[in-house]
Amino acid sequence: MIGLLKKDLYVADKTGRLLLVLALAFSMVPSLRSFGCTYAMMLALMIPLNAIAYDERCKWDRYAAMLPYRPEQLVWSKYLLAYLFTLLGGTIIVVSAAIQRADWRETLEMAALLAGSMLFVTALGLPALYRFGAEKGRYVMILVMGVGIGAALGVMGLFDGQLKLPDLPLPAALLLLAVLAAGATYVSFRVSVRFYRKRQNGAYT
């Protein structure tokens, strides 16, 4: 598993470093801080997407079939890559807040919200990439994300002023978010493995 993660990190080396520097630069500009924080979290999705696209171009799956790795390990390495860059994105947010002496509670809430959102986006996006491939999968992922965001905004507008959600304390809200993210990740991982096996058997060619 460590070898697979190293391979993906080597592939993402130059692109990852450039994106991290840009995210940190955006986060350091006060007027662009929110954009920089969001951009930092988007690394969690962009890097594994590029890694899967690279694997497709160089026919990595054919070579991986001869290695002592199970499909679960090959797929999970991409999830670990996304989580690693999610952690790096959160670190950028905290570092920029420390340098600018921003409010720590607001910073941690923003980092937790963006990290939780990216966990759900990753859980949604990776199965689409394994099912449709990197090129078609990214369009399907964008479409599904757009529909989901639109539906969420529509529901919020429909129940605005009528539906009262419980005011949970921050630790309870974070715990609930973690439980939901863990459940979504488990379902996403099993679906991704199923799609990966089928693609290996030529079902989507």
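Conditions tested, residue by residue: (1) modelled with pLDDT under 85; (2) touching a Phe, Trp or Tyr at 6+ places or on another chain (Cβ under 6 Å); (3) on the phi < 0 side of the Ramachandran plot; (4) not in a helix (DSSP H, G or I).
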| residue | (1), (2), (3), (4) |
| --- | --- |
| 77 | no, no, yes, no |
| 81 | no, no, yes, no |
| 87 | yes, no, yes, no |
| 98 | yes, no, yes, no |
| 102 | yes, no, yes, yes |
| 105 | yes, no, yes, no |
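Taking the range 78-94 as the range and being of a type in the set (Val, Ile, Thr) and within 18 Å of residue 125 (Cβ to Cβ) as the test, only 86 passes. Checking each residue of the range 54-66 against the condition of being within 29 Å of residue 195 (Cα to Cα), modelled with pLDDT of 80 or more and under 19 Å from the mean Cα position of the chain (by Cα) gives at least one match. Cβ separations smaller than 6 Å between residues 6+ apart or across chains give the following pairs from the range 1-13 residues that are under 14 Å from residue 64 (Cα atoms) and of a type in the set (A, V, I, L, M) to residues that are modelled with pLDDT of 80 or more and surrounded by 10 or more Cβ atoms within 10 Å (Cβ to Cβ): 1/73; 4/77; 5/77; 5/80.
The values are calculated or read from the model by the stated rules, or taken from the named source; none is laboratory data. This one's a predicted model, so the numbers in the text were calculated from it and none came from an experiment. Note: ideal-geometry Cβ built from the backbone for every residue, glycine included; neighbour counts use all protein chains shown.
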